[in-house]
1. Which is within 17 Å of Leu38 (Cβ to Cβ) and β-branched (Val, Ile, Thr), of Val128, Val158, Val145?
2. Test of understanding: among Arg134, Arg171, Arg149, which residue is of a type in the set (Lys, Arg) and within 16 Å of Arg96 (Cα to Cα)?
3. Tell me, which residue of the stretch 145-165 that is among the aliphatic types (A, V, I, L, M) and either at pLDDT below 95 or over 16 Å from the mean Cα position of the chain (by Cα) (or both) is surrounded by the fewest Cβ atoms within 10 Å (Cβ to Cβ)?
4. Select from the stretch 37-50 the residues that are of a type in the set (Gly, Ala, Ser), closer than 19 Å to Leu161 by Cα and not in a strand (DSSP E or B) and list them in ascending order.
5. Only one of Phe61, Phe21 is among the aromatic types (Phe, Trp, Tyr), within 30 Å of His181 (Cβ to Cβ), touching a strand residue (DSSP E or B) at 6+ places or on another chain (Cβ under 6 Å) and modelled with pLDDT of 95 or more; which?
Amino acid sequence: MQDDLLADVAESELVTRHGPFRAVAFRDRPDGHEHLALVLGEPGGDVLVRVHSECLTGDVFGALRCECGAQLGSALDAIVAEGAGVLVYLRGHEGRGIGLVAKTRTHVLQDEQGLDTVDSATALGLPVDIRDFRPAARVLAYLGVRSVRLLSNNPDKVDALTAHGIAVVGRVPLLEPVDEHNVRYLTAKRDRLGHDLPHLDSARP
């Protein structure tokens with residue numbers, strides 16, 4: 001039964017380089033964005049799930065200053081290896097919700113003034129993180145998913161899904177290699193945003 005907060009839902013088969021999925025596109029009525037869930041198999045209890053925030057620069061163009069694109073691919077590979085799972089791709093989350101233009105402006109401050117991802121946002125009078133994960137919870141409920149093992153390094157995502165009715169029975173790390181391009185960003189995510197990134201301690205970019 002469709003959630004009345006999901007304004008529209010369409011489904012099709014989608015074959016990707018990672019494997020075949022059922023694509024579930026949906027428009028979330030409160031936020032107005034169109035999102036996408038890629039579903040593999042028949043997810044049962046304790047489903048392997050990735051809730052991925054849109055990052056055009058990383059996901060599409062392979063930007064190296066973040067690990068977003070690498071995480072997207074790794075999450076799909078993990079779901080395929082599991083044989084079942086869901087990836088929810090949330091649009092409108094660019095730059096933790098500030099948008100592409102503003103995110104690009106923060107990059108200038110990071111490159112020219114050495115500010116990190118947090119201070120470059122606040123220097124422009126912008127919030128650090130205004131992402132809304134309720135659409136992910138709504139579509140997971142629509143798919144019949146009630147409990148998940150979440151592919152994430154971010155404890156805040158666990159709290160957000162839990163607050164909106166999705167039980168998180170475990171958090172599965174999604175750690176990508178550290179190099180000279182992303183070490184500052186990952187360090188800020190660990191030290192300023194509370195992400196669990198233990199591999200940074202021994203990294204030698």
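The values are calculated or read from the model by the stated rules, or taken from the named source; none is laboratory data. Small disclaimer: the values here were computed from a predicted structure and weren't measured. Heads up, the Cβs are rebuilt from the backbone with ideal geometry, glycines too, and the neighbour counts pull from every protein chain shown.
1. Val145
2. On the way: Arg171 fails: within 16 Å of Arg96 (Cα to Cα); Arg149 fails: within 16 Å of Arg96 (Cα to Cα).
Exactly one of Arg134, Arg171, Arg149 is of a type in the set (Lys, Arg) and within 16 Å of Arg96 (Cα to Cα), namely Arg134.
3. So in the stretch 145-165, the residues among the aliphatic types (A, V, I, L, M) come out as 145, 148, 150-151, 158, 160-161, 163.
Those left that are additionally either at pLDDT below 95 or over 16 Å from the mean Cα position of the chain (by Cα) (or both): 145, 163.
Numbers: Val145: 23, Ala163: 11.
Among residues in the stretch 145-165 that are among the aliphatic types (A, V, I, L, M) and either at pLDDT below 95 or over 16 Å from the mean Cα position of the chain (by Cα) (or both), the one surrounded by the fewest Cβ atoms within 10 Å (Cβ to Cβ) is Ala163.
4. Correct list: Gly44, Gly45.
5. Details: Phe61 fails: touching a strand residue (DSSP E or B) at 6+ places or on another chain (Cβ under 6 Å).
Answer to the check: Phe21.
Rundown of residues vs (1) farther than 21 Å from Val9 by Cβ; (2) touching a Gly at 6+ places or on another chain (Cβ under 7 Å); (3) part of a loop (DSSP other than H, G, I, E, B), yes/no style:
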position	(1), (2), (3)
Phe21	no, no, no
Asp31	no, yes, yes
His35	no, no, no
His52	no, no, no
Gly62	yes, yes, yes
Ser74	yes, no, no
Ala81	yes, no, no
